[in-house]
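Asks: I have a structure here, written as structure tokens, and I will follow up with some questions on it.
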Amino acid sequence: MRYGVSGSGFGNGGSDSGLGEEWGVRAARSRALAVLRIRGRALGAAILPAAVAVVLYAGEVTGHFTGTGWTTARWIVTVLAVLVLLAAAAVALVVARARPAVTPTVELPETAAPDLHRLVRDLADRLGVPAPAAIALTPDCDSWLEDRSHRSHRQAGATGSPVLVIGSPFLWWMRVGELRAVLAPVVAGTGPAADPDIAAARRFVRGLDAAVAVPDEPGLGPLRRFGARGVGRVARLLLRACGTHAAEMERGVAAAGSERAQAVDQGTRIVAQEQVGLAYAGWDRLLTRVALPAWRMGRWPSGLDAGVVSALTELSRRDRLAEGFSSRLGERPACDLLEEPGAVDEAASLLAARLFHGGPAEPGPDWAPVEWSRYPEEVVDRKWRADAARLHEVLDRLAAATGPEEADAAEAPTLTRVLTHLTTETHLTTETHLTTETQLPDAAHLPTGTDLTTAQDEHPGASADEHPVPPRDEHPVPVDDEVSNPAADTLAAALSARVAREDAEREARITAGAAGFSGPDGPWPLCPLLPPRTGRDLLADHVTALVCCAAVDTTGAAPGLDWLDGPALLVDGVRATDLTPHVLALVEEGDPAPLRAWLATTGVRPEKPVRLL
């Protein structure tokens, strides 16, 4: 369970900071007592039938409650008391034995980071609070205290005291002073955590939260699952009763920690807070644009945290987000507090791949680490060619569904084939008129996959008299709100179904191999990174991949890596940023003219077959 102040929380400062801290502790303790009162009321309700039964039996002994009616009442109350006590004992046992969820982290013993441990201890001494029992890293842009005092976690060396969990991107992006300012309010939370009332209230809430999840644990028999559901309902009822008090208690603890931290590194506080938001933005872009394509290819970047530095450096260079940026980078980075930053970064990168995507716990033939220097070759180029192969396979299936003649005439994997397939009749006529002075044969009579720009060479005797030019339509695109391109819609639907099947098969393999995070608390849920894409977006991505393959195969273009946008096509060493609108014109409107102009300018030959995986 997370508690305390997150890494992005800072107080406002002021001369009355001591009063604010005292107020926060009092508020937290008051709410903790409210939680404990709810626990006491639940205990009182559980023993109430037993107390009534004791009174009835005492009345019989003293001769006050005699007769058949009182005897029947005693038996009923006795049975009820036994049942309630048994149920209460079961709930108490489940709550006590339930295993609270623990965030998966990379442990940092003192031997692996002596300087970092020394910094945290010195910070705790300056704040006048107990030092955290241990330090761990998480692949996230946040920092918090996590209680791991449950008996099932004591072997990790965190007995009876919270663990300081630090977001790994902070260590690589922030300077040492900035990290100290970020951790100050978090470490200050160990003071309220030592309060007996607050600690007891937290244990009670953690146990209830864990008991609610017991019915979903695997391996329970039907009878035990039925009983666990009953316990879960009781635990959920108690959680609703004390949820508001628990939330206010944590707010009070956070306020107290933030106020106490005002005395530490005031000058660095605002700068550190800016770096927290910047690190989060760069980390999000790095995961969704750079890491995710690699994970889907069975590769996991082994230096994600080091990549954060490159991504944020590029972001700051483009948007000029930080003044004095160069001088800031000249200060000592926080990752210097680690003995082996590379090994820690690799462990955190593997954990990020498991948390956000799913995958084996150890590297293997289909789950291998990749260095940034190899990323363009092992990820970008392979991704493009895999997408191009998928696109042509879907086209082959559509052709086979049309008729046996089309199925027998298998076409080479060329960009011309896709251009012809997606071009609408209106734009086909317009393109024919614009690209040649001599009218070519009607496109409907050309062999499938024929490049219209080269058809004149195949029919040198064609003349304008034999093939009169139809009048040019001034409005080739329909004026509807949505441009209709049936060929693109059909291809996008088939492509979406194919990708969905592949994703389902991959998830089934992950589940069968228990590749998601699994620890003493069971499997950890994966975190989706991107929302589902539309069919046309998916088609545009595949057409872009095919264009990039053709550019690499027929020109001097090369795959590259953009730290903020992921896979990139480098033409003469410069990233091609103008390709996307041309591809969208083809997919959305069926207009190949902009893309053909781009191909001609770049020197790409669309009629040449591309190399596929």
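Laboratory data are not the source of any read-out in this text; all were calculated from the coordinates shown. Source: prediction; values computed, not measured. Using ideal geometry, Cβ is built from the backbone for each residue, glycine included, and neighbour counts are taken over all protein chains shown.
Asks: Select from Thr111, Val61, Ala131 the residue farthest towards the positive end of the dipole of the range 59-141; place +1 on Cβ of Lys and Arg, -1 on Cβ of Asp and Glu, and compute about the Cα centre.
Replies: Of the candidates, Val61 comes out farthest on the positive side.
Asks: Right, here's the next one. Measuring from centroid to centroid over Cα atoms, what is the spacing of the range 184-238 and the range 46-92 in Å?
Replies: Cα centroid to Cα centroid, the span is 31 Å.
Asks: Bins of 10 Å, beginning at zero and ending with the bin holding the largest distance: percent of Cα pairs per bin for the range 36-163, please.
Replies: 11, 25, 19, 14, 12, 11, 7, 2
Asks: If you count, for each residue, the other Cβ atoms within 10 Å and average over each peptide, how do 492-499, 185-192 line up from highest to lowest?
Replies: The densest-packed peptide leads the list: 185-192, 492-499.
Asks: Further question: Could you give the length gained on full extension between Val82 and Leu220, defined as 0.36 nm per residue of separation minus the Cα-Cα distance, in nm? The partial results should precede the final answer.
Replies: Working: separation 138, 0.36 × 138 = 49.68 nm, distance 2.55 nm.
Net length gain for the segment: 47.1 nm.
Asks: I've got another one for you. Among 253-262, 56-65, 540-549, how do they line up from the highest to the lowest mean number of other beta-carbon atoms within 10 Å? If you can, show how the numbers build up before the last one.
Replies: On the way: 253-262: 26.3, 56-65: 12.4, 540-549: 24.7.
Taking the mean over residues of other Cβ atoms within 10 Å, the ranking is 253-262, 540-549, 56-65.
Asks: Would you calculate the volume per residue, in Å³, of the smallest convex hull containing every Cα atom of the range 149-304?
Replies: 183
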